[in-house]
1. Which condition from (1) buried (at least 19 other Cβ atoms within 10 Å of the Cβ); (2) touching a Lys or Arg at 6+ places or on another chain (Cβ under 8 Å); (3) not acidic (D, E) is the one that P422 breaks?
2. Answer yes or no as to whether A221 is over 19 Å from P238 (Cα atoms) and touching a strand residue (DSSP E or B) at 6+ places or on another chain (Cβ under 8 Å).
3. Do we find that A189 is under 20 Å from the mean Cα position of the chain (by Cα), surrounded by 22 or more Cβ atoms within 10 Å (Cβ to Cβ) and part of a helix (DSSP H, G or I) in this structure?
4. Show me the strands (runs of 3 or more DSSP E) found entirely inside the range 213-324 where at least 1 residues are in contact with a Pro (Cβ under 9 Å, 6 or more places away or on another chain), more than 21 Å from N163 (Cβ to Cβ) and of a type outside the set (S, T, Y).
5. Quickly run through the range 95-116 and pick out the residues that are assigned to a loop (DSSP other than H, G, I, E, B), in contact with a Phe, Trp or Tyr (Cβ under 9 Å, 6 or more places away or on another chain) and either closer than 15 Å to I34 by Cα or open to solvent by less than 60 Å² (accessible area, probe 1.4 Å) (or both).
6. Among (1) touching an Asp or Glu at 6+ places or on another chain (Cβ under 9 Å); (2) open to solvent by 60 Å² or more (accessible area, probe 1.4 Å); (3) of a type in the set (V, I, T), where does V79 come up short?
7. Between Q303, Q268, which is more than 21 Å from the chain's Cα centre (by Cα) and open to solvent by less than 20 Å² (accessible area, probe 1.4 Å)?
Amino acid sequence: MKKTFPIGGVHPNDNKISRNCAIEVLPLPQTVYISMAQHLGAPAKPVVAVGDKVKAGQVIAEPGGFISAFVHSSVSGTVKSIAPRKDISGNSMTHVEIAVEGDEWAEGIDLSDTLVTEIPTDRAAVLAKIQQCGVVGLGGATFPAHVKLNPAPGSKAECLILNGAECEPFLTSDNRIMIERSKEIVIGAAIMKMVLGGCPAVIGIEENKPEAIAAMQKAVAELAYEGISVMVLKKKYPQGGEKQLINAVMRRQVKSGGLPISVGAVVQNVATSLAVYEAVQKNKPLVTNTLTVTGDCLPVEKQHNYLFRIGMPLSYIAEYAGGVPEAAAKIVSGGPMMGRAIANMDACTVKGSSSLLYLSEQFTKRKEASACIRCGKCADACPMGLEPFLLNKLAQNGMTEELEARSVQDCISCGCCQFTCPANIPLLDTINLAKGQVLGIIRARAAAAKAAAEAAKAATQK
């Protein structure tokens, strides 16, 4: 029997319409705008100036803190401006604007198709290379990869899990890289295994991707690295959630507030593994990724999986792909369950961009909400074992202490509760707002405790 996580989950139609669309390389636009805030943590700090000439793969910004990442130019050309620009949500973020002039890459970057299979053994050097190349998690969170691959003293990785679930409906970019770049992904896994001390690596793929499963199994067999295997998982959303995937693969549960490493797990997306391969074996920074152009109102012939450069305007990609369909009621970055509506088509791709998803009114028009009937379906569907109906009620009444006591901060915003609610109550929206308020209180409390401890320490040293 195929494994899956045991608690909650739903089964939306997967709508993998673009699954058979091979990856196409997008031509370069005239201008790119590269965000300094495209990773979890502090924004990067620009190290170039207006008028500078840059090459593709050249560092243009350095980390702004411990949890941060290097940012590189994705093109060659001239820096035209360093200024705030709106992202997909309409928020102002610093971007480096580069006028594209040819396609010259920085020295030392190997752009050939030659497969480099020998695994390096210098752990510190590999971690440094992953950091220098700006590799971040490409499963959604964009957490700097070098930090996750270097657990704190006292923590030990017992299993590296590569997330190939791609459980969100419509998205197929991970599916395509597993089919087309399978060996590179496996080599990336072997590199990360070495960094983590040689623990086993499991590549988890949902059963609705038979070509990807076959390709990855073949790559694992042919490369024959020790301790790497493919696990076929039952199709269930949100299988790609970190804690759900750990439960499915290892049968271990991460406690409330805990990190995956607390149960011996390190989870990386298959696209991250590909980026690790390119960084360590090819010296190529993370300046490209794969994105799906799809949707229920898009004809099959206009569905695409594209290899894009970071900083490409979404409007440019949409126009190249044939334009925004008239029936599109909403354009989403990411999947329909956890993706974000795009408020600004002049926003540009970032490292973690995964889709341009066009959804018709059928998918986006909300039905009128009615009173909760206490059916408990939302609680049955919650993969975190929460009680969304109760959290919704507590949130409506501003009861933040009770929300924290009921672990609202453990909500992963998967949308299973809202998807399954027969009363059409916008549970996810209300709970997300409440979660943000509670997390703010928790962070403020932690900051106050840290300040008090530092003050007490300073007082004893006088």
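1. (1)
2. Taking the combined requirement at face value, the residue does not satisfy it.
3. Taking the combined requirement at face value, the residue satisfies it.
4. Counting at least 1 such residues, we get 288-295, 304-309.
5. V116
6. Condition not satisfied by V79: (2).
7. Q303
A quick yes/no check of all residues on (1) more than 21 Å from D14 (Cβ to Cβ); (2) more than 18 Å from the chain's Cα centre (by Cα); (3) surrounded by 14 or more Cβ atoms within 10 Å (Cβ to Cβ):
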site	(1), (2), (3)
S315	yes, yes, yes
E319	yes, yes, no
A328	no, yes, yes
V332	no, no, yes
V350	yes, no, yes
L359	no, yes, yes
A369	yes, yes, no
I373	yes, yes, no
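The values are calculated or read from the model by the stated rules, or taken from the named source; none is laboratory data. Nothing here was measured: the structure is a model prediction, and the numbers come from that model. Heads up, the Cβs are rebuilt from the backbone with ideal geometry, glycines too, and the neighbour counts pull from every protein chain shown. Accessible surface is based on the protein model in full, side chains and every heavy atom, while ligands, DNA and RNA are left aside. Shrake-Rupley method; radii C 1.70, N 1.55, O 1.52, S 1.80 Å.
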